[in-house]
Amino acid sequence: MTTWDLQGMQRHLLICNGSTCMEAGAEEVTLAVRDEIAKQQLDAKIHTSRTRCNGRCKDKCVVISYPDATWYNVPDTTIARKIVTEDVPPENVLFTLSPSGLSRNTDSKAIKGISKEKVAKRQRALGENGVKKAVLFVGHGSRLEQGNEEVREFVERSKHLIDPAILVETCFLEFASPNIEDGIELCVEKGAEEIHVIPIILLHAGHSKLHIPAEIEHASEHFPHVTFTYGQTIGIHDEIFEILKARLQEAGLDPAQKHEDTAVLLIARGGSDPAANGDFYKISRLLWEQLDVKWVESAFMGVTTPSVEEGIERCMKLGAKRIVMLPYFLFTGILMERMKKMCVEYQQLNTDVSIELADYFGYHPRLQNVLIERAKQAMSGTSTGMQDLENYRAYAKEHGPAHHHHHH
Ligand code: FES
């Protein structure tokens, strides 16, 4: 390793290379800063270091200059070069040092952030009887606000099953706020030192294998004093079959009775993870084992096949006189709305069969049981989610951090 002689250096630039800044172009920023230093022949005067997260991710990319202790927001390589030549526009200056300490530049868009003092005070107040714990539920999030409301309400109604000393919050992967990052921040702000992140996700695929772990990894870089655990997805769980049977019963199909000419068409979101799609087929089969219908068929709303249309056709070809479309969906959303329309359309097109649509999971006490169980596993250290975090770390080492493209 090189050991530089630092004698005579006049400035030291700390260039954030934490994962959020890297996603926002910190590599290009680093190279531009170094290139400009070379161009200006300042190599003997300005030293640069790449750093991990500096805890101001929202101001990405972050560069800190010493000895003046100025914090910069560097959105592009032009501003990066201006740091070297010291003519950064005022709106890109985040903090400057004054006799009273660092002060936020009012010309910049720098957000306020969490007060360390307040967090410490809250922790002291709460921490008397041990560490302050939080359970952070992560819903998928929907473009249909009603779906997000259902998630929030679900958590609200489940709260009483969790120790009242534990903080319970809800956040979303996409389409709704707060997102995971803000959800974690909220818990920290409220004094949490131990955050148990519990996904409200049916099948174990990209979101639960990569995206949530990526957020947890980054948050632990950001809040080194906080311990994180990760819960496992709902997966193939006995309680799920009880919910499915309850929804069939409501749709007029008694799960205890024999149904000769009836097909249940179980419909999932569909994704690109072969194991998750395979799990779904296993669930279909296990459901068939618990019913006395002739067929349980599987279909997907998108990404992969068979499509719902193909599923309906298949049921008819097999000889079904009655088809019950059974959504494998937790809450309402655009896809549930679409499914309702599909059901009406298929019924109009095929008058010699009866086609009905059962309800999605929604608020069901059995779903509550699963999620509380997942939270307890995480808190007692028996969640397989911790293995997911391990797997993610190995993945990130090889491929770099997982980028989750938020849709807005
Ligand atoms: S990654 Fe740069 S401030 Fe967090």
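The values are calculated or read from the model by the stated rules, or taken from the named source; none is laboratory data. Since the structure is predicted, the reported quantities are computational estimates derived from the model, not experimental observations. All Cβ positions, even for glycine, are placed from backbone atoms using ideal geometry, and neighbour counts span all protein chains on display.
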Return the only residue of Y72, Y66 being over 21 Å from E28 (Cβ atoms), modelled with pLDDT of 95 or more and more than 24 Å from the chain's Cα centre (by Cα). Y66
Y230 aromatic (F, W, Y) and either surrounded by fewer than 15 Cβ atoms within 10 Å (Cβ to Cβ) or modelled with pLDDT under 95 (or both): no
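For region 343-401, give me each residue that is aromatic (F, W, Y) and either within 21 Å of A205 (Cβ to Cβ) or assigned by TED's automatic domain parsing to the domain that holds V168 (or both).
Hits for region 343-401 are Y360, F361, Y392, Y395.
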If we scan region 104-123, do we find a residue that is over 27 Å from the mean Cα position of the chain (by Cα), under 30 Å from Q40 (Cα atoms), of a type outside the set (S, T, Y) and surrounded by 13 or more Cβ atoms within 10 Å (Cβ to Cβ)? yes
Members of region 18-34 found to be assigned to a loop (DSSP other than H, G, I, E, B) and buried (at least 23 other Cβ atoms within 10 Å of the Cβ), listed by number: G18
Take the residues in region 277-318 that are within 25 Å of the chain's Cα centre (by Cα) and among the β-branched types (V, I, T); name whichever of them is farthest from Y346 (Cα to Cα). I283
Can you tell me how many residues within region 66-94 are of a type outside the set (V, I, T) and either more than 16 Å from the ligand (Cβ to nearest atom) or surrounded by fewer than 20 Cβ atoms within 10 Å (Cβ to Cβ) (or both)? 13
Please indicate, with yes or no, whether at least one residue in region 325-337 is over 19 Å from H140 (Cα atoms), charged (D, E, K, R) and modelled with pLDDT of 90 or more. no
Going through region 19-50 one residue at a time, which ones are within 9 Å of the ligand (Cβ to nearest atom), more than 19 Å from V88 (Cα to Cα) and at pLDDT 90 or above? M22
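For region 143-163, indicate whether the set of residues that are among the hydrophobic types (A, V, I, L, M, F, W, C), touching a Cys at 6+ places or on another chain (Cβ under 9 Å) and under 14 Å from H196 (Cα atoms) is non-empty.
no
Residues checked against (1) over 19 Å from G381 (Cα atoms); (2) more than 16 Å from the ligand (Cβ to nearest atom); (3) in a loop (DSSP other than H, G, I, E, B):
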residue	(1), (2), (3)
P213	no, yes, no
I216	no, no, no
I236	yes, yes, yes
L244	yes, yes, no
R247	yes, yes, no
I'm checking my understanding of the structure. Among residues of region 189-201 that are buried (at least 22 other Cβ atoms within 10 Å of the Cβ) and either touching a Cys at 6+ places or on another chain (Cβ under 7 Å) or farther than 15 Å from F172 by Cβ (or both), which one is modelled with the lowest pLDDT? A192
Is there any pair linking a residue in region 108-127 that is over 30 Å from N92 (Cα atoms) and not assigned by TED's automatic domain parsing to the domain that holds K60 to one that is at pLDDT 75 or above and basic (K, R), with Cβ under 6 Å and at least six apart or on different chains, and which? L126/K132
Which residue out of C16, C53 is within 29 Å of E215 (Cβ to Cβ) and either modelled with pLDDT under 95 or more than 10 Å from the ligand (Cβ to nearest atom) (or both)? C53
Out of the residues in region 155-170 that are in contact with a Lys or Arg (Cβ under 7 Å, 6 or more places away or on another chain) and among the hydrophobic types (A, V, I, L, M, F, W, C), state the one that is surrounded by the most Cβ atoms within 10 Å (Cβ to Cβ). V168
